[in-house]
1. Given (1) under 24 Å from residue 186 (Cβ atoms); (2) assigned to a helix (DSSP H, G or I), identify the lone condition not met by residue 104.
2. Open to solvent by 20 Å² or more (accessible area, probe 1.4 Å) and within 16 Å of the chain's Cα centre (by Cα): does that describe residue 290?
3. I want to confirm something. Restricting to the stretch 370-386 and keeping residues that are open to solvent by less than 30 Å² (accessible area, probe 1.4 Å) and of a type in the set (A, V, I, L, M), which single residue is farthest from the chain's Cα centre (by Cα)?
4. Of these, 137, 196, 200, which one is outside any strand (DSSP E or B) and either open to solvent by less than 60 Å² (accessible area, probe 1.4 Å) or of a type in the set (D, E, K, R) (or both)?
5. Determine whether residue 60 is surrounded by fewer than 21 Cβ atoms within 10 Å (Cβ to Cβ), part of a loop (DSSP other than H, G, I, E, B), among the aliphatic types (A, V, I, L, M) and modelled with pLDDT of 55 or more.
6. Please verify whether residue 258 is in a strand (DSSP E or B), within 21 Å of residue 373 (Cα to Cα) and open to solvent by less than 20 Å² (accessible area, probe 1.4 Å), treating the condition exactly as stated.
7. Checking residue 343 against (1) surrounded by fewer than 21 Cβ atoms within 10 Å (Cβ to Cβ); (2) out of contact with any Lys or Arg (no Cβ under 6 Å at 6 or more places or on another chain), which test does it fail?
8. Counting only residues that are among the hydroxyl-bearing types (Ser, Thr, Tyr) and under 25 Å from the mean Cα position of the chain (by Cα), how many does the stretch 132-168 have?
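The values are calculated or read from the model by the stated rules, or taken from the named source; none is laboratory data. Remember, it's a predicted structure, so these values are computed and weren't measured experimentally. Don't worry about glycine lacking a Cβ; one is built from the backbone with ideal geometry, like all the others, and counts go over all protein chains shown. The accessibility values were calculated without ligands, DNA or RNA, using every heavy atom of the protein model including side chains. Shrake-Rupley method; radii C 1.70, N 1.55, O 1.52, S 1.80 Å.
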Amino acid sequence: MAATQRIAAGVAVAAACASALAGCGTGATGSKEGAHGTKEGAGAPAPKSAIRLIGDGSTAFTGAQPHLPKPKKLKPGEKPPQFVVFSWDGAGEDSQKLFSHFRKISKANNATMTYFLSGLYLLPEDKRDLYRPPQHSPGSSEIGFNDEQGIKDTVTQLRGAWLEGNEIGTHFNGHFCGTDGGVGEWSVADWKSEISQAKSFVKSWKTNTGMTKASPLPFDYDKELIGARTPCLEGKENFRKAAGRLGFRYDTSGINNQVWPKKKDGLWDLSMQLVPFPGHNYEQLTMDYNFMVSQSGTETQGDPDKQEYWGDQMRDGLLKGFQRAYDGNRAPLVIGNHFESWNGGTYMRAIDQVVESVCTKSEVRCVSFRQLADWLDAQDPAALDKLRGLKVGEAPKQGWASFLSGRPAPAPKGVPGAPAVKP
């Protein structure tokens with residue numbers, strides 16, 4: 001991929017936010033129903049006769065997405081599963097081959113993930129002027145564009161990922177952060193334009209590259225696209241206003257504690273969270289970049305002698321956050337990453353180990369944001385309200401069967417309404 005990845009400078013704002021909120025947080029077992037672990041509700045690949053090309057043939061309707069489990073409503077007294085979401089900002093395949101790598105890791109560990117595609121990764125450099133970024137000149141971008149091989153490789157990974165049950169979201173296009181036209185200054189109309197263009201680059205990659213004989217992406221992106229993460233976690237208020245009018249169902253652009261999610265502006269707030277940071281008295285955001293900034297600053301290749309330890313810190317912090325939820329309130333754990341070999345690839349190694357450690361555990365479902373949103377939508381609102389009442393790491397005092405039984409808890413002895421105490 002020829003796209004110049006200068007995300008590091010922009011995401012620094014997220015790191016600052018995480019540090020500011022570091023003191024806010026402190027800290028979850030039924031049948032396995034992971035992405036590849038159940039046949040119920042999973043769609044089969046559509047027969048060739050059912051394939052319907054869309055537009056110039058860059059995308060196509062191919063039927064229900066394979067390996068997408070049907071969400072189940074919790075039964076009274078049933079303990080909720082422990083959801084874990086692994087997500088990737090600016091997903092694309094380059095010489096590092098990290099997209100293909102994590103597809104293999106997912107399949108081997110009963111997991112699906114969400115890949116937030118940057119639309120410019122499907123736009124060739126010589127067509128850059130087709131991008132009209134809000135508040136910037138045509139063809140501007142903070143992450144560059146792509147070349148023919150990079151686009152071909154990225155499309156191959158997107159196609160395979162969707163057919164395996166993974167979700168294709170968006171990280172938008174130019175990745176503008178900070179002042180002077182950054183996404184935090186964008187209006188609702190600006191966001192609508194950016195979203196429309198992100199869709200258009202996916203729906204017209206064949207025309208823009210000349211690869212007219214290539215196979216299409218096997219989904220209708222207008223229907224597939226239901227969520228996003230904004231660049232540097234900025235501009236989410238106006239983004240939500242625009243997204244809610246365009247059929248989006250969730251946003252993951254904030255910073256939360258490990259508690260059950262709720263909706264904001266009609267969208268599920270599925271933001272990343274603060275988890276323990278080994279060796280520190282504050283918590284860290286569940287994102288590779290934020291761990292890196294706390295360890296080596298904005299230097300993406302810091303002291304080689306410390307890189308293994310830094311990766312271990314991230315791995316152990318994520319595992320502590322997982323265990324806190326698994327043994328406690330069972331709040332979904334949301335993790336964000338980039339396809340980057342920062343500090344010698346130590347954070348990619350850490351994610352490998354976290355996936356391998358948690359995704360095959362009993363009662364754990366490593367899912368995409370779409371699957372999590374589907375499950376949340378299928379639940380009794382009253383049950384979700386009760387779950388939101390649990391604090392970080394807090395398990396129900398009377399056990400899950402009583403907590404979600406749908407019946408009022410028994411009154412303690414010695415209070416009005418309690419059974420009389422026999423002499």
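1. All conditions are met except number (1).
2. no
3. Looking at residues that are open to solvent by less than 30 Å² (accessible area, probe 1.4 Å) and of a type in the set (A, V, I, L, M), I get 383.
4. 200
5. In short, no.
6. no
7. (1)
8. Residues flagged as among the hydroxyl-bearing types (Ser, Thr, Tyr) and under 25 Å from the mean Cα position of the chain (by Cα) within the stretch 132-168 amount to 3.
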